[in-house]
Amino acid sequence: AADHTMYHAKHAGRNNVCFYSDIVHLKALGREHVAIQSRLSDAIRNGALQVYYQPVIHARSGEVMAVEALARWQDDQSGWISPELFIPMAEKVGLIQELSELVIRIALERLRSWRDAGLKQRLMINISRSQLFYPRFISQLIEWLDEKRLSPQDIILEITESVALTDYARQLKHLKHLVMAGFQLAIDDFGTGYSALSQLHEMPANLLKVDVSFAQRLHTEEGRRVMQAIVQLGRGLGLQIVVEGVENLETARFLQGLGVDYLQGFHFSEPVPAGVVDLYLRLGLGNRT
Ligand code: C2E
Ligand code: MG
Ligand code: MG
Ligand code: MG
């Protein structure tokens with residue numbers, strides 16, 4: 001990550017760029033919680049959230065296959081607040097649909113500009129499970145895509161693995177509708193949820209994103225064996241594998257050796273502002289493996 005970090009420190013100015021190390025996590029906030037909720041709601045209504053982008057790299061060619069949109073929030077008082085904190089908060093207080101609408105619209109605007117520049121990468125968007133049940137979810141997404149002359153084929157929707165078992169049948173129905181509409185699906189954070197293997201095989205997904213924590217255990221023999229087993233499982237189910245959290249060359253090489261399809265992580269790029277990922281895409285800077 002060193003190269004782009006230096007780039008963006010120099011050119012964008014450190015004060016308004018979000019570095020991983022700057023992000024405030026849950027523990028640091030303590031009792032401030034309630035005040036933060038109302039500031040989040042203001043931020044969403046004022047359109048004050050930002051979107052950062054992290055490339056997903058084709059393991060064999062080093063090319064950028066897609067770019068994941070990640071919500072960022074810089075609060076006046078607390079600074080950068082982690083999505084691990086404000087996304088669950090937005091879900092809990094019923095703001096997730098509004099938040100997501102903002103993120104999606106910003107990201108689609110950016111995708112339009114990539115298409116105009118002749119770039120072919122897909123956009124990966126995280127959605128919360130509750131959004132699946134929002135009645136107008138699919139039709140609204142398609143409307144926004146139409147407005148920008150984009151299509152569902154341009155989009156990969158990421159859904160986290162954890163499944164409330166009771167809602168499973170209903171979720172599956174909604175996921176199938178998304179696939180019929182032409183969206184691709186990725187199962188995010190794979191390995192951290194509770195889905196039974198019998199369910200995994202029914203999922204109409206195209207991609208399996210292996211949770212960050214697994215790439216971080218590759219220094220142990222056991223960690224390497226677990227990764228290998230996950231990759232075989234995903235393959236057996238006909239899914240393409242993305243490993244998240246690739247932080248160094250050694251990890252990238254190991255995963256290439258296992259036949260992992262796509263890599264994502266700080267080794268290639270941290271999530272960066274639009275202007276930085278634009279350069280990354282235009283200059284074809286993916287070739288670092
Ligand atoms: P995720 O979708 O699984 O995204 C991957 C997370 O891992 C991101 O955290 C990313 O910054 C981080 N990451 C990427 N590469 C590395 C690496 O090499 N090492 C390490 N240690 N971490 C890495 P982030 O941006 O803080 O997002 C956290 C989660 O918040 C996301 O996890 C996603 O579930 C959720 N999220 C973010 N934006 C949105 C959104 O617009 N809508 C919804 N529903 N959820 C979102
Ligand atoms: Mg994701
Ligand atoms: Mg993930
Ligand atoms: Mg996650």
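Determine whether Ser113 is small (Gly, Ala, Ser) and either buried (at least 16 other Cβ atoms within 10 Å of the Cβ) or within 24 Å of Lys176 (Cα to Cα) (or both). No. In this structure, Gly275 does not qualify as assigned to a loop (DSSP other than H, G, I, E, B), away from ligand 1 (no atom under 12 Å from the Cβ) and at pLDDT 95 or above. Do we have Val231 as buried (at least 16 other Cβ atoms within 10 Å of the Cβ), outside any loop (DSSP other than H, G, I, E, B) and not small (Gly, Ala, Ser) here? Considered against the rule, which asks whether it is buried (at least 16 other Cβ atoms within 10 Å of the Cβ), outside any loop (DSSP other than H, G, I, E, B) and not small (Gly, Ala, Ser), Val231 comes out as yes.
Looking at (1) assigned to a helix (DSSP H, G or I); (2) of a type outside the set (Phe, Trp, Tyr); (3) near ligand 3 (Cβ under 10 Å from one of its atoms), which is the only condition Glu222 fails? Here Glu222 clears every test but (3). Out of Arg149, Arg217, one residue alone is assigned to a loop (DSSP other than H, G, I, E, B), closer than 24 Å to Gln264 by Cβ and of a type in the set (Lys, Arg). It is Arg217. Being within 16 Å of ligand 3 (Cβ to nearest atom), at pLDDT below 95, surrounded by 16 or more Cβ atoms within 10 Å (Cβ to Cβ) and of a type outside the set (S, T, N, Q) is a property that Ile125 lacks. Could you list all residues from the range 175-210 that are closer than 19 Å to Gly259 by Cβ and under 13 Å from the mean Cα position of the chain (by Cα)? Once the filter is applied, which keeps residues that are closer than 19 Å to Gly259 by Cβ and under 13 Å from the mean Cα position of the chain (by Cα), the range 175-210 yields Ala186, Ile187, Phe190, Leu207, Leu208, Lys209, Val210.
Looking across the range 173-206, the residues that are in a helix (DSSP H, G or I) and at pLDDT below 90 come down to Leu197, Ser198, Gln199, Leu200. In the set Asp188, Asp146, only one residue is without any contact (Cβ under 8 Å) to a residue 24 or more places away in the chain and charged (D, E, K, R); that residue is Asp146. Arg136 passes every criterion in (1) crowded, with 19+ Cβ neighbours inside 10 Å; (2) over 21 Å from Val67 (Cα atoms); (3) not polar (S, T, N, Q) apart from (1).
A count restricted to the range 172-215 and to residues that are within 14 Å of ligand 1 (Cβ to nearest atom) and either surrounded by 14 or more Cβ atoms within 10 Å (Cβ to Cβ) or closer than 14 Å to Arg129 by Cβ (or both) stands at 17.
For the range 50-71, filtering for residues that are of a type outside the set (A, V, I, L, M) and either within 14 Å of Ile36 (Cα to Cα) or under 12 Å from the mean Cα position of the chain (by Cα) (or both) leaves 5. Pairing each residue of the range 51-74 that is farther than 16 Å from Glu247 by Cα with any residue that is within 16 Å of ligand 4 (Cβ to nearest atom) and of a type in the set (Asp, Glu), provided the two are 6+ apart or on different chains, yields C-beta distances under 7 Å for Tyr53/Glu68.
The values are calculated or read from the model by the stated rules, or taken from the named source; none is laboratory data. Keep in mind that this is a model prediction, so the values were computed, not measured. Positions of Cβ are generated from backbone atoms using ideal geometry, with glycine treated the same way; all protein chains shown enter the neighbour counts.
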